[in-house]
1. Take the range 31-71 and flag every residue that is aromatic (Phe, Trp, Tyr) and part of a strand (DSSP E or B).
2. Please go through the range 44-71 and pick out each residue that is among the aliphatic types (A, V, I, L, M) and out of contact with any strand residue (DSSP E or B) (no Cβ under 8 Å at 6 or more places or on another chain).
3. Of everything in the range 41-71, what is within 19 Å of Lys3 (Cα to Cα), open to solvent by 50 Å² or more (accessible area, probe 1.4 Å) and either out of contact with any Lys or Arg (no Cβ under 7 Å at 6 or more places or on another chain) or at pLDDT 95 or above (or both)? Give them in sequence order.
4. Is there a residue in the range 21-29 that is among the polar types (S, T, N, Q), part of a strand (DSSP E or B), open to solvent by 60 Å² or more (accessible area, probe 1.4 Å) and out of contact with any strand residue (DSSP E or B) (no Cβ under 6 Å at 6 or more places or on another chain)?
5. Hey, any hits in the range 30-37 for a residue that's surrounded by 12 or more Cβ atoms within 10 Å (Cβ to Cβ) and within 14 Å of Met10 (Cα to Cα)?
6. Could you tell me how many of the residues in the range 16-36 are touching a residue at least 12 places away in the same chain (Cβ under 8 Å) and more than 11 Å from the chain's Cα centre (by Cα)?
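The values are calculated or read from the model by the stated rules, or taken from the named source; none is laboratory data. Remember, predicted model here, so these are calculated numbers, not experimental data. Methodologically, a virtual Cβ is constructed for each residue, glycine included, from the backbone with ideal geometry; neighbour enumeration extends over all protein chains shown. Surface areas here come from the heavy atoms of the whole protein model, side chains and all, with no ligands, DNA or RNA. Shrake-Rupley method; radii C 1.70, N 1.55, O 1.52, S 1.80 Å.
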Amino acid sequence: MFKFLLILQMCSGINGKCAEPIQYQKLFNNYAECAIYGYSAGVEYLGKTDFNMINENKLHVRFWCKESKDA
């Protein structure tokens, strides 16, 4: 059975560069759960960032769900 890992990454809309991806600790049972959770996790991640930094660099969060063999 496969599980899904959520991976988040902060990126700049100005220069297109992204920080190192961060793997979320929770495993999801299916892609839909992972994808839906990704949006709220992205909001939380961005919300912990200084607003001036977000505005100056036009930061946004991208995320994806990676299939992983259940251990």
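1. Those that are aromatic (Phe, Trp, Tyr) and part of a strand (DSSP E or B): Phe63, Trp64.
2. Ile54, Ala71
3. Hits for the range 41-71 are Phe63, Trp64, Lys66, Glu67, Lys69, Ala71.
4. yes
5. No, there is no match, as no residue in the range 30-37 is surrounded by 12 or more Cβ atoms within 10 Å (Cβ to Cβ) and within 14 Å of Met10 (Cα to Cα).
6. Residues that pass the stated criteria total 8.
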